[in-house]
Each structure stands twice: as C-alpha cells, then as structure tokens.
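Have a look at the structure below before the remarks.
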Amino acid sequence: MAKVELKINGVQHSYDVEDRTLLVNLIRDHAQLTGTHVGCDTSQCGACTVHMNGVAVKSCTVLAGQADGAEITTIEGMAKNGKLHPVQQAFTECHALQCGFCTPGMIMAVSGFLKDNPKPTDEEIYHGLEGNICRCTGYINIVKAVKQAAKTMSK
Amino acid sequence: MHTFSYVKAKSLKEAGDMLAAHADAKLLAGGMTLIPTMKARLAQPSHLIDIAGIAELSGIDVKNGRLTIGAATRHVEVAKSAVVKKAIPTLAYLASQIGDPQVRNRGTIGGSLANNDPAADYPSAALSLNATIVTNKREIAADDFFQGIFTTALGAGEMIVKIVFPIPAKAAYEKFPHPASGFAMAGSFVSQDGKAVRVAITGAGPGVFRWKDAEAALGKKLAAASVENLNVDATDLNEDMHGTKEYRANLAKVMTKRAVAKLAGTAATSKSSGK
Ligand SMILES: Cc1cc2nc3c(=O)[nH]c(=O)nc-3n(C[C@H](O)[C@H](O)[C@H](O)COP(=O)(O)OP(=O)(O)OC[C@H]3O[C@@H](n4cnc5c(N)ncnc54)[C@H](O)[C@@H]3O)c2cc1C
Ligand code: FES
Ligand code: FES
C-alpha cells in the first residue's frame, strides 16, 4: 500500500491506496470527482486529462504514487465562484461538444496549451490537441472554441 | 495491472542498489511506455523504481562542442530548451513532434532510448548524431547501443544516466507520423559534420538503422538529388496493416530527401527550429 498526499482543486487529501492505483482511479473512486473520464486503455484518447503541477497529463497513465505531493486540477476545479473558466464558456458558446464525453479532457488540454501559446494558429491548435480524441464533433467547433477562449483570455 | 511495489529512488546509487536487489524490478521514468504496457498486462515487474526525481539524471548543458542531456529530461523540456534550440535545433524540433502534449509533459529521453521502440523518434537522433549513451556502468556508442526491436546493449542493473550529443554542423529530421499515435511510419534524421554525413532511419525497420548508401552519396554532394537513384533495401522492413515493406522503403527515401532539402538550406546553429 502507498500513502498518497496531494492537493486536488486546492483541497489537501490523504489516501492509502494500492501501489498499482492510477491517478485517474484515485480522482474518480477515492476523491469521488467523476468529471475526469476514462475513454481508452491505451493512453491515446485524452479523456482523462488533468493538470498535475500546472501541466496537462493523462491521469490514466500516471500512478497515484507518482502524484504524491503534487497539485492536481480537474475539470471540477476550473469554474471559480460560480463563473465558468473562459475555455468552458467558449466550449458552451461555440457548441464544441455533442455527447460531452471528451469535453473535460479537451478543456484541460486546451487550458494547458494556451498557457504556453496564448495566441495559437489553426495549425498549432491541431498540434496542441493531438492527445485528445473526439468521436462526435469533427473538431471544427472545438477549434473555434479554442480561438474564442484565446481571445477572451488575452483581454 | 498486476500488483507490484512502487518505490521512489532518491539517488542514482539507491536506484542501482534496488535494481540489483530485485531481479524483476523495472525502472520507471515518464511511464508513457511502461504504464500502458503494464495496463495491457504485457509486463509484470515486481517493483517499479521511480527515477524521475533523481537530480543526477536531469539537466541540459553544452560544453566543448557537446550537448549533454540527463536521462530523466522530459520531451517537453528538450523541445522548449533554449540551450538545445541553440546547439542542435533539430533535436528540439524532434522532441516537439513526439506523440502529443500530454505524452511530452511526462515522457523522458532516457526512457525512449532504453525502450528502443522501432518507431520512436529519439533513437534516430542518437544514431545519426553519433551520440554516446552514458550509463551507471560505462559509456556506449550509439552504433553499439541499438540492437533491433525493443533491444539495446543495456545489461541487467544498467541505467542510462545521460546522453552526450556531438554538435553537428547541420542536421534535419523528417518523419511521416502515424495519424493516430504520432509514432514514425518512417523517419529520417540526417546530420552533417565536415565530410561525414550520417543518415538514421526509424519506423521503417525492426529497429533504427543507418542508410549507408545514402551517407556515401550525400558525403559527396549534400543534395536531395544524390539519393534519387538509391533505394532502401525493403527485405527486412516492417509490414503491417498500415503499409507494406516497399511502401516503408519508399517513405524512408522520401523522408530522407525532405530532410536533406531542409538541411541544405539551414545551418544547425541557425534559429530555425526546422519547421
Ligand atoms: C499516446 C502515445 C504516443 C506516443 N508517441 C510517440 C512518438 O510519436 N514518438 C516516440 O518516440 N515516442 C512516442 N511515445 C512514447 C513516449 O515517447 C515515451 O515517453 C517513451 O518511449 C518512454 O519514455 P518514458 O520516460 O515514458 O519511459 P518509461 O515508460 O518510464 O520506461 C520505458 C522503459 O525504459 C526503461 N527506462 C526508463 N528510464 C531508463 C533509464 N534511465 N535507464 C534505463 N532504462 C530506463 C523502463 O524500465 C522501461 O522499460 C508515445 C507514447 C504514447 C502513450
Ligand atoms: S483514458 Fe484514454 S488517454 Fe487516458
Ligand atoms: S463530444 Fe462526444 S466525444 Fe467529443
């Protein structure tokens, strides 16, 4: 068993988990934050994306033990004081989701790469979203939302 | 996943001792290959020794015409490093093309070289640039390090500490990425230093290899036309649902021509990232 102490969305947690526990299972099953999804078992879909110490990672491919001492942000931690994060707001307005399964991961990936590249070109948006798969939207409106979010955030 | 014990190593020595103590232990760096492999139950280590936090395995620096990168350096750090961009911009570009952002935020250069996936990007850079792989036991030349599919010269209890790249006059990398994973269907890393040109092909064969006919021709004249009449021998190349041997042989040639065209125009020390 491993003792894992970490902050999730600003709240300190401590869990005793099996060594093989994945970060995504700690988040979903132990912390009961089910906004983070699991869409594959090959580390390819990005539905499980969260921020670990400020950068986007696939939480299905990180052991809970590796996240000991880390600060994690999940989709539940994005809205502040009842106000959606600009990326969430843009996804809503641009109709960037249909079933919504990929959306939490998309939003975490987008908010991750906008930190590095606040004014991405279309090409850079495609490259930045290579780790996330959406089976519904065809990506057109997702790219639109990224541009709109970038605009709002640079204001 | 099967059960295992997870331990964080604090120093190189500690990691080495743990490796020696447990025959079925494995090192864990970024986990971007090992964890998916374990989830698929294709590996069953008794212990995972996390080396990501070991200070001796990190750092990037340039000295005496050589660029040294610590084994636990993540792809994103190489891609963004001002030092790498100045010394060997093509290496920073290569790192920026690995997988996707989330994979680059975790995966490490040491893990990639140790794993030696036949379609991985870094092995082509190490082989073309004639890098030295420094382990906790010895130094290994890239020409001796890569030994075919998922196989390297690393022995039991051996760990990559850092990779030393001689800085070339010019270098360029071109890959045809698999549309889903980003891994190379075929990639060609071409570097030139003085009269020596080295061409390393990844993705096409069961492991990274040097295309020596192209090296000889490009050594005489560094132009895409020099390889026009050459062909990569398709006999031992990979064949799967994504492409035949012949298709991959052709892709390797096309990627080489593109890399040469890029390299003929840009010096390795220019600010161009090779994009
Ligand atoms: C979706 C996806 C897409 C990817 N796309 C690409 C791609 O386009 N191109 C590409 O090149 N790669 C790609 N990868 C692989 C990625 O680059 C991995 O990060 C890399 O291959 C392994 O590095 P790691 O640090 O994650 O190693 P780990 O997974 O931690 O370890 C891999 C192996 O190396 C061993 N090891 C680790 N560090 C050392 C060391 N210092 N000394 C000795 N042995 C060590 C481990 O024991 C293990 O056997 C992809 C991965 C994923 C999940
Ligand atoms: S669940 Fe698909 S990448 Fe994590
Ligand atoms: S909205 Fe359904 S998978 Fe993206």
If a residue has to be surrounded by fewer than 19 Cβ atoms within 10 Å (Cβ to Cβ) and of a type outside the set (Asp, Glu) to count, how many in segment B:133-153 make the cut?
11
Quick test for you: out of B:LEU28, B:LEU12, pick the one residue that is among the hydrophobic types (A, V, I, L, M, F, W, C) and surrounded by 19 or more Cβ atoms within 10 Å (Cβ to Cβ).
B:LEU28
Pair list, Cβ < 6 Å and 6+ apart or interchain, from segment A:132-148 residues that are in a loop (DSSP other than H, G, I, E, B) to residues that are of a type in the set (A, V, I, L, M)
A:ASN132/A:MET106; A:ASN132/A:ALA109
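Condition first: touching a strand residue (DSSP E or B) at 6+ places or on another chain (Cβ under 6 Å) and in a loop (DSSP other than H, G, I, E, B). Now tell me which residues in segment B:60-71 satisfy that. Before you say what the answer is, go through the steps one by one.
If we filter segment B:60-71 for residues that are touching a strand residue (DSSP E or B) at 6+ places or on another chain (Cβ under 6 Å), which is where we start, we get B:60-61, B:66-71.
Passing the criteria: only B:ALA71.
List the strands (runs of 3 or more DSSP E) that sit entirely inside segment B:1-59 and contain at least 1 residues that are farther than 26 Å from B:ILE69 by Cα and either in contact (Cβ under 8 Å) with a residue 60 or more places away in the chain or within 14 Å of chain A (Cβ to nearest Cβ) (or both).
Working: elements: B:5-8, B:25-28, B:47-50.
Per the criteria, B:5-8, B:47-50.
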Go through segment A:92-124 and report how many residues are more than 16 Å from the chain's Cα centre (by Cα) and either at pLDDT below 95 or away from ligand 3 (no atom under 13 Å from the Cβ) (or both).
9
If I filter segment A:75-82 for residues that are in contact (Cβ under 8 Å) with a residue 40 or more places away in the chain, of a type outside the set (Phe, Trp, Tyr) and within 13 Å of ligand 2 (Cβ to nearest atom), do I get at least one hit?
no
Do we find a residue being buried (at least 21 other Cβ atoms within 10 Å of the Cβ), within 14 Å of another protein chain (Cβ to nearest Cβ), part of a strand (DSSP E or B) and among the charged types (D, E, K, R) anywhere in segment B:72-87?
yes
Would you be able to say whether some residue in segment B:46-57 is under 16 Å from B:ALA120 (Cβ atoms), crowded, with 21+ Cβ neighbours inside 10 Å, β-branched (Val, Ile, Thr) and away from ligand 3 (no atom under 16 Å from the Cβ)?
no
Among (1) in contact with a Pro (Cβ under 9 Å, 6 or more places away or on another chain); (2) under 19 Å from B:VAL164 (Cα atoms), the one test that B:ALA55 misses:
(1)
Output the qualifying pairs, or none if there are none: Cβ atoms under 8 angstrom, residues six or more apart or on different chains, first residue in segment A:42-67 and at the interface with chain B (Cβ under 7 Å from one of its Cβ atoms) and touching a residue at least 60 places away in the same chain (Cβ under 8 Å), second residue within 10 Å of ligand 1 (Cβ to nearest atom) and assigned to a strand (DSSP E or B).
A:GLY46/A:LYS58; A:THR49/A:LYS58; A:GLY65/B:ASP50
For residues in segment A:114-146 being within 12 Å of chain B (Cβ to nearest Cβ) and within 16 Å of ligand 2 (Cβ to nearest atom), which is surrounded by the fewest Cβ atoms within 10 Å (Cβ to Cβ)?
A:ILE133
Out of the residues in segment A:68-113 that are surrounded by 15 or more Cβ atoms within 10 Å (Cβ to Cβ) and hydroxyl-bearing (Ser, Thr, Tyr), which is farthest from the other protein chains (Cβ to nearest Cβ)?
A:THR103
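Restrict the check to segment A:1-10 and report whether at least one residue is within 16 Å of ligand 3 (Cβ to nearest atom), away from every other protein chain (no Cβ under 11 Å) and either within 22 Å of A:LEU114 (Cα to Cα) or in contact (Cβ under 8 Å) with a residue 60 or more places away in the chain (or both). Show your work before the answer.
In the first step, residues of segment A:1-10 are kept if they are within 16 Å of ligand 3 (Cβ to nearest atom); the result is none.
Among the residues of segment A:1-10, not one is within 16 Å of ligand 3 (Cβ to nearest atom), away from every other protein chain (no Cβ under 11 Å) and either within 22 Å of A:LEU114 (Cα to Cα) or in contact (Cβ under 8 Å) with a residue 60 or more places away in the chain (or both), which makes the answer no.
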Looking at segment A:30-46 only, could you name the residues that are within 16 Å of ligand 1 (Cβ to nearest atom), within 23 Å of A:VAL4 (Cα to Cα) and surrounded by 21 or more Cβ atoms within 10 Å (Cβ to Cβ)?
A:SER43
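The values are calculated or read from the model by the stated rules, or taken from the named source; none is laboratory data. Predicted model only: the values in this text are computed from it and were never measured. We place every Cβ from the backbone using ideal geometry, glycine too, and count neighbours over all the protein chains shown.
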